[in-house]
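Working notes for the structure below.
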Amino acid sequence: MPFIEKDGLRFYQFRIFEGFPIFHAVLTRQGGYSLSPFDSLNFGGTVGDDPKAVLKNHQKIYQILNFDFSSRFDVWQVHGTDIVCADSPRDLNTDHQKADGILTNKPNITLFMRFADCVPILLADPVKMVIGIVHAGWQGTSMMVSQKAIEQLSKCYGSDPGDILAGIGPSICQSCYPVGKEVYEAFAANFGEVVDGFFQKENNQFYLDLWEANRFTLEMAGVSKIEVSGLCTACHLDDWFSHRKEDRRTGRFGVLMSLEKNE
């Protein structure tokens with residue numbers, strides 16, 4: 001598996017972005033300052049962790065990965081479908097925007113989002129030189145948030161969906177993700193007859209495949225170059241935080257993405 005170790009950090013990278021002037025890191029939970037149950041590289045500021053430890057975790061990754069801490073752009077993730085096109089780093093003295101996708105074509109911005117079972121979807125258009133991160137839990141996936149991100153890439157930057165590369169990151173797998181009938185019905189309302197391709201039913205219990213649902217949505221939006229990590233957060237607690245497996249008391253791992261600057 002394509003993991004990288006650097007100065008105490010361990011992070012995952014997709015092969016699909018190799019050879020392009022794009023940096024990305026799906027950071028594992030290893031190498032931080034937070035104590036149990038948030039051990040150790042937790043980026044969640046609202047989960048009950050010590051705020052000083054969370055700040056030190058943020059500062060550490062920016063220093064080790066050689067990014068300016070003031071370059072970051074992150075949002076308040078709300079399980080919706082709003083996608084933000086960022087033209088400048090977020091003013092750290094202002095409140096976060098509420099959104100579940102962030103895009104940019106500016107090399108002076110580092111995009112950053114937080115996860116713990118929901119799907120990180122990393123996007124890159126190497127023709128228009130645009131990147132993006134999408135947060136897709138079951139709500140966002142049912143509302144086709146990844147399609148909304150592709151539409152916004154086209155609207156804001158003129159991207160052709162056929163040029164876009166997509167990585168579906170570590171998140172909860174189908175066998176670890178039992179959901180209620182209301183979740184199935186929410187998907188059926190938007191996906192119609194194809195919905196059964198995303199669910200298994202055993203003993204009146206539905207199991208949702210977020211990876212397949214997001215892959216299908218990306219393909220329907222015109223994206224054909226897709227890599228699925230196949231890594232389950234609930235199965236690999238040594239590397240990832242899992243909201244479900246850890247009974248909702250856990251941290252959030254981070255995803256960072258940036259365009260390389262022309263020197």
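List of remarks:
- Applying a threshold of 9 Å to beta carbon distances and a minimum spacing of six or more residues, or different chains, the list of pairs starting in the stretch 14-28 at a residue that is surrounded by fewer than 15 Cβ atoms within 10 Å (Cβ to Cβ) and part of a loop (DSSP other than H, G, I, E, B) and ending at one that is of a type outside the set (A, V, I, L, M, F, W, C) and modelled with pLDDT of 95 or more reads GLY19/PRO126; PRO21/PRO107; PRO21/PRO126.
- Complete set of residues in the stretch 141-168 that are small (Gly, Ala, Ser) and under 15 Å from VAL223 (Cβ atoms): SER146, ALA149, SER154, SER159, GLY162, ALA166, GLY167
- Residue match in the stretch 62-79 (condition: in contact with a helix residue (DSSP H, G or I) (Cβ under 7 Å, 6 or more places away or on another chain), closer than 30 Å to LYS245 by Cβ and hydrophobic (A, V, I, L, M, F, W, C)): no
- Lone unmet requirement of (1) in contact (Cβ under 8 Å) with a residue 40 or more places away in the chain; (2) under 27 Å from CYS232 (Cα atoms); (3) of a type in the set (Gly, Ala, Ser) for GLY162: (2)
- Any chance ALA213 is among the hydrophobic types (A, V, I, L, M, F, W, C) and touching a Phe, Trp or Tyr at 6+ places or on another chain (Cβ under 6 Å): yes
- Annotation note: Cβ proximity below 8 Å between a residue of the stretch 84-97 that is without any contact (Cβ under 8 Å) to a residue 40 or more places away in the chain and under 21 Å from VAL130 (Cα atoms) and a residue that is surrounded by 11 or more Cβ atoms within 10 Å (Cβ to Cβ) and of a type in the set (Ser, Thr, Tyr) (sequence gap 6+ or interchain) occurs for ALA86/THR104; ASP87/THR104; PRO89/SER70; PRO89/SER71; PRO89/THR110.
- The residue that is nearest to ARG29 (Cα to Cα), counting only those in the stretch 228-259 that are assigned to a strand (DSSP E or B) and under 13 Å from the mean Cα position of the chain (by Cα), is PHE253.
- Per the conditions (1) farther than 28 Å from SER36 by Cβ; (2) surrounded by fewer than 16 Cβ atoms within 10 Å (Cβ to Cβ); (3) not aliphatic (A, V, I, L, M), the sole criterion not satisfied by GLN59 is (1).
- Test: ASN203 is polar (S, T, N, Q) and at pLDDT 95 or above: no
- In the set (1) touching a strand residue (DSSP E or B) at 6+ places or on another chain (Cβ under 8 Å); (2) more than 23 Å from TYR12 (Cβ to Cβ); (3) surrounded by 24 or more Cβ atoms within 10 Å (Cβ to Cβ), the condition left unmet by PRO178 is number (3).
- Flag for SER71 being over 15 Å from PHE112 (Cβ atoms), polar (S, T, N, Q) and either crowded, with 17+ Cβ neighbours inside 10 Å or within 19 Å of the chain's Cα centre (by Cα) (or both): no
- Residue pairs meeting the criteria (Cβ under 6 Å; at least 6 apart or on separate chains; first more than 14 Å from ALA166 (Cα to Cα), in the stretch 124-145; second part of a helix (DSSP H, G or I) and aliphatic (A, V, I, L, M)): TRP138/VAL183; THR141/LEU210; THR141/ALA213; SER142/ALA186
- PRO107 passes every criterion in (1) part of a strand (DSSP E or B); (2) in contact (Cβ under 8 Å) with a residue 60 or more places away in the chain apart from (1).
- Selection within the stretch 111-129 - of a type in the set (Val, Ile, Thr) and either at pLDDT below 95 or surrounded by fewer than 24 Cβ atoms within 10 Å (Cβ to Cβ) (or both): VAL127
The values are calculated or read from the model by the stated rules, or taken from the named source; none is laboratory data. These numbers were taken from a predicted model, which means no experiment stands behind them. Cβ sites come from the backbone with ideal geometry, for glycine too, and all protein chains shown count toward neighbours.
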